[in-house]
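All of the numbers you see were taken from the coordinates with simple rules; none came from a lab. Fair warning: this is a prediction, and the values are worked out from it, not measured in the lab. Cβ atoms come from the backbone with ideal geometry, glycine included; neighbour counts cover every protein chain shown.
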Amino acid sequence: MKDKRIVILTGAGVSAESGLGTFRDKDGLWTKYDLNDVATPEGFARNPEFVHNFYNQRRQNLVDATPNAAHHALGRLESEFPGDVLVVTQNIDRLHEMGGSKNVLHMHGEMLKSRCDFCQHVIHWEGDLNLAMRCEQCGTAGAMRPHVVWFGEMPFYMDDIQHALDLCDLFLSIGTSGNVYPAAGFVAQVRHRGTAHTVELNLEPSEGSALFHDSVLGPATEVVPSYVDDLLANGW
Ligand code: APR
C-alpha cells in the first residue's frame, strides 16, 4: 500500500451532519433560492447586494460549524494510510481541514476567502461582504466577491485534479449527488483508465452510482469511519 494513491471527491453530504445544508435534497438550498440569482456572475452583476446577503448568511452559519465523524475519519486516513490521500472537495467550508485533512483541493472555492473582481487579490474573510468594501491591494470599491466558483465559471485546480485522477488506485466519492460537472465526470474518467477501484459512499445512490464498483449507502458519519477502519486494516 506504500505507493498507492487515493483520491476522495466530497460534496455537501459530508458536511450535512455538521448542520450545513445540501443543495438538492428535499429541503436543499436550491429549493429556497434560484441558483441563477445567487450562484452565477450574471446574478451578481444584476443584484450584488442580494448575492452578498445570501453568502453573508451562509458564511455566518459556516463560521461556527464543526467537523463530524466523517471529516475526522478522512483526516485519520490521510495520517495513517502509507500512500497518498487527496481530498478534492466541492464544498466551500473548512471542515475537512478542521477534521485533520491537510491535502485538500477546494475545486469550488472557499467561503471564508474573498476575492477582488478587479485585481483578483484574495483575502481570508470571515465577516460580511458589502459594496462599500475596498480591495486592500488595488483600492477598488465594490469589487470584493466571495472566493467561490459560480455556475459558468471554471473550477479551481483542474490540472492537479486531472493528474491525480489519472494516477489514483482508489477513487472514493462521498456525499455528492453527481449532478454537477466536471466533478460528476470524475468516476467515468477513472473507470475509463480501467485500473483503479471506485467506491461511492452516500445517503442514497447518486446520478452516477452505476459507474462505481461498490456503493456503500448510509449517513456519512456512520459509513465513512467504518469504511476507513476497514481500508486501513485490510486495504481494498
Ligand atoms: N451522509 C451522506 N450523504 C448525504 C447525507 C449524509 N448525511 N445527506 C445528504 N447526502 C447526500 C445526498 O443523498 C446527495 O446525494 O449528499 C448529496 C448532496 O447532493 P447535492 O445537494 O447535489 O450537493 P453536491 O453534490 O455537493 O452539489 C455539487 O452543486 O450547487 C452546486 O456548487 C454546488 O458544490 C455544489 C455542487
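To the nearest 20 Debye, how big is the dipole of region 127-212 about its Cα centre, given +1 on the beta carbon of each Lys and Arg and -1 on that of each Asp and Glu?
With only Lys, Arg, Asp and Glu charged at Cβ, the dipole is about 140 debye.
How much of the DSSP bridge set in the chain is antiparallel, in percent, rounded to the nearest 5?
25 percent
As I understand it, the value is the acute angle between the Cα axis of helix 220-234 and the longest principal axis of the Cα atoms of the chain; what does it come to in degrees, rounded to 10?
Orientation of helix 220-234: about 40 degrees from the principal axis.
On full extension of the chain, what length is gained from Asn53 through Asn130, given 0.36 nm per residue of separation minus the C-alpha to C-alpha distance?
Stretched fully, the Asn53-Asn130 segment lengthens by 26.9 nm.
Collect residues whose amide H, placed 1.01 Å from N in the peptide plane, falls under 5 Å from the amide H of Ser215; neighbours closer than 5 in sequence don't count.
The list, which skips near neighbours in sequence, is Glu200.
Can you return the lysines within cross-link range of Lys102? Criterion is Cα-Cα under 23 Å, with same-chain partners fewer than 8 residues away left out.
Partners within reach: Lys2, Lys4, Lys113.
For Ala143, what residues show an amide H to amide H distance below 5 Å, using hydrogens built from the backbone and excluding near sequence neighbours?
It is Cys135, by chain and number.
Output the 0 to 90 degree angle, nearest 10, between the alpha-carbon long axis of helix 48-63 and the longest principal axis computed from the alpha carbons of the chain.
Between the helix axis and the principal axis of the chain, the angle is about 50 degrees.
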